[in-house]
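Here is the structure we will look at.
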Amino acid sequence: MNQDILILGIESSCDETAAAVVKNGREVLSNIISSQIPLHTLYGGVVPEIASRKHVEKVIPVISEALSAAGVTLQDIDAVAVTYGPGLVGALLVGVSAAKGLAYAAHKPLVGVHHIEGHVAANYLEHPDLEPPFGCLVVSGGHTHLVEVLDYGKFSIIGRTRDDAAGEAFDKVARAIGLGYPGGPKIDRKAKEGNPDAIPFPRASVEGAFYDFSFSGLKSAVLNYLNHEKMQGNEVNEADIAASFQKAVVDVLSGKALALIREKKYTKFALAGGVASNSALREAMKEVCSREDVGFYCPSPVFCTDNAAMIACAGYYEYMNGVRSGLDLNAVPNLKLGER
Ligand code: KG4
Ligand code: ZN
């Protein structure tokens, strides 16, 4: 008898149409991602209507490819897991509708997954030893959260951003200095040529809420710096701005993570989300964790940014916990972490 559980994961919350097959929550059999980045680059950011239309075009071919790359058919799948929020409503609806159609046609259970729960679960894919509880810094284009992962799918939120997400700040600053979209990887690359101590950008904190973040002041400081230099007729050094901005973000993120590790005495700490692929952040967190003698976990870059293997993984644990979604599952653009 085959005891293996195969989950088909589907992700379409922003600008990646993705599908994956994961065995027993941890073994990635296939991971197909159709990125829309070149399309949105023309506009300097994600255009929601264009994203939805592209998802419609790609969702079925991407799912078929994920099944065939895994060497399975829909009949071999135990459940279909899909991101149903948070994200762009039109984009989410495409994945949710496709998942519902497949679950209905093939008589398979449907499991709605929270996108951030997926990002956290990306850590399980390559670290078979990692189990909750652990502390986690989730940093993406839409989220910046310090969370305690209490159990699979169970979280306690300790801090969050009050304004821009870390990835959003990367994207906006990259646009301002003319690096284009998507900003995170471009700033990461440019920063390697610059001096991180060249410009003293602010490290903001939120009064009365130590673990909360605020990045809009930092973004404004970069814009003000650019305007000031322009008015003075000075030429700006993009690499120094990128490096100094990135250092300010990394200092704040790693500083709060360190304080939390000390306060909660975690033995394990993980990074998650697109910004977790930032080389300076990974390096800083690796150092913090090694200094504190804490196990450090971080997904490979391909599992940091949006993908469906992480959704299949999170879906597996929800499925094993008995979670089932009805065919009335809807996209929830502002779904809160821990809500169903
Ligand atoms: O997790 P993700 O793919 O989508 C969301 O759920 O938002 O994250 C995308 C974000 C973008 O803001 C992108 O600029 C940022 O992650 N990002 C990075 C890097 N790679 C992607 N930020 C900093 N450094 C990177 N290397
Ligand atoms: Zn994401």
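Just so it is clear, none of the values below were taken in a lab; they were calculated from the coordinates. Computed from a predicted model, the values in this text were never measured in an experiment. FYI the Cβ positions are ideal-geometry reconstructions off the backbone, even for glycines, and counts take in every protein chain you see.
Build a GNM of the chain with springs between Cα atoms under 10 Å: which of ALA70, ALA308, ALA169 gets the top mean-square fluctuation?
Among ALA70, ALA308, ALA169, the largest GNM mean-square fluctuation belongs to ALA70.
Which ordering of ILE33, ILE60, ILE187 is given by a fewest-first count of other beta-carbon atoms within 10 Å?
Starting with the residue having the fewest Cβ neighbours, the order is ILE60, ILE33, ILE187.
Can you list the lysines whose alpha carbon is less than 22 Å from that of LYS265, not counting same-chain residues fewer than 8 positions off?
Partners within reach: LYS154, LYS256, LYS286.
Suppose we flag GluC sites (Glu not before Pro) only when DSSP calls them loop and at most 14 other Cβ atoms lie within 10 Å. Which is the longest uninterrupted stretch of the chain?
The reported range is 1-192.
Given 0.36 nm per residue, what is the gain on full extension from LYS265 to ARG26 after removing their alpha carbon distance, in nm?
Roughly 83.4 nm would be gained on extension.
Rank the residues ASP188, ASP129 as a footprinting-exposure proxy: fewest other Cβ atoms within 10 Å of their Cβ go first.
ASP129, ASP188
Could you work out the helix-only [θ] at 222 nm for the chain, with each DSSP H run of four or more residues adding -39,500 (n - 2.57) and the total divided by the number of residues, to the nearest 500 deg cm²/dmol?
Value at 222 nm, helices only: -14000 deg cm²/dmol.
Decide, for the stretch 229-340, between rounded, prolate and oblate: order the square roots of the alpha carbon gyration tensor eigenvalues as a ≥ b ≥ c, take rounded if a/c falls under 1.5, and otherwise choose prolate if a/b is larger than b/c, else oblate.
Oblate shape, in that a/c is at least 1.5 and b/c is the bigger or equal ratio.
Under 8 Å for C-alpha pairs, at least 6 residues apart: give me the relative contact order for the chain, rounded to a whole percent.
25 percent
Can you sort LYS172, LYS247 by how many other beta carbons sit within 10 Å, fewest first?
Going from least to most buried by this count: LYS172, LYS247.
Choose one of VAL80, ALA122, SER13: the residue whose Cα lies farthest towards the positive end of the charge dipole of the chain (beta-carbon charges +1 Lys, Arg; -1 Asp, Glu; about the Cα centre).
Final value for the positive-end residue is SER13.
Toward the positive end of the charge dipole of the chain, about the Cα centre and with charges on Cβ (Lys, Arg +1; Asp, Glu -1), which of VAL89, GLY153, ASN307 goes farthest?
Checking the options against the dipole of the chain, the answer is VAL89.
Rank LEU253, LEU223, LEU125 by mean-square fluctuation in a GNM of the chain with C-alpha springs under 10 angstrom and give only the top-ranked residue.
LEU223
With the contact rule set at Cα under 8 Å and sequence spacing of 6 or more, what percent relative contact order holds for the stretch 133-299?
26 percent
Treating the beta-carbon of each Lys and Arg as +1 and of each Asp and Glu as -1, no other charges, what is the dipole magnitude of the chain about its Cα centre, to the nearest 20 debye?
Computed charge dipole of the chain: roughly 260 debye.
Let me know the volume per residue of the alpha-carbon convex hull for the chain, in Å³.
128 Å³
In whole Hz and in residue order, list the ³J(HN,Hα) couplings for the stretch 40-57 that follow from phi through the Karplus curve 6.51 cos²θ - 1.76 cosθ + 1.60, θ = phi - 60°; x for Gly and Pro.
7, 4, 4, 9, x, x, 6, 9, x, 5, 5, 4, 4, 4, 5, 4, 4, 5
Extending each Cα 7 Å along its Cβ direction at ASP129 and PHE210, get the distance between those two points in nm, one decimal.
That separation, rounded to one decimal, is 3.0 nm.
If you average the C-alpha positions of the stretch 36-91 and of the stretch 94-135 separately, how far apart do those two centres end up, in angstrom?
14 Å
Within the chain, what percent of beta bridges assigned by DSSP are antiparallel, to the nearest 5?
60 percent
5 Å is the cut-off here: which amide hydrogens, built 1.01 Å from N in the peptide plane, fall below it relative to SER30, excluding neighbours closer than 5 in sequence?
VAL21
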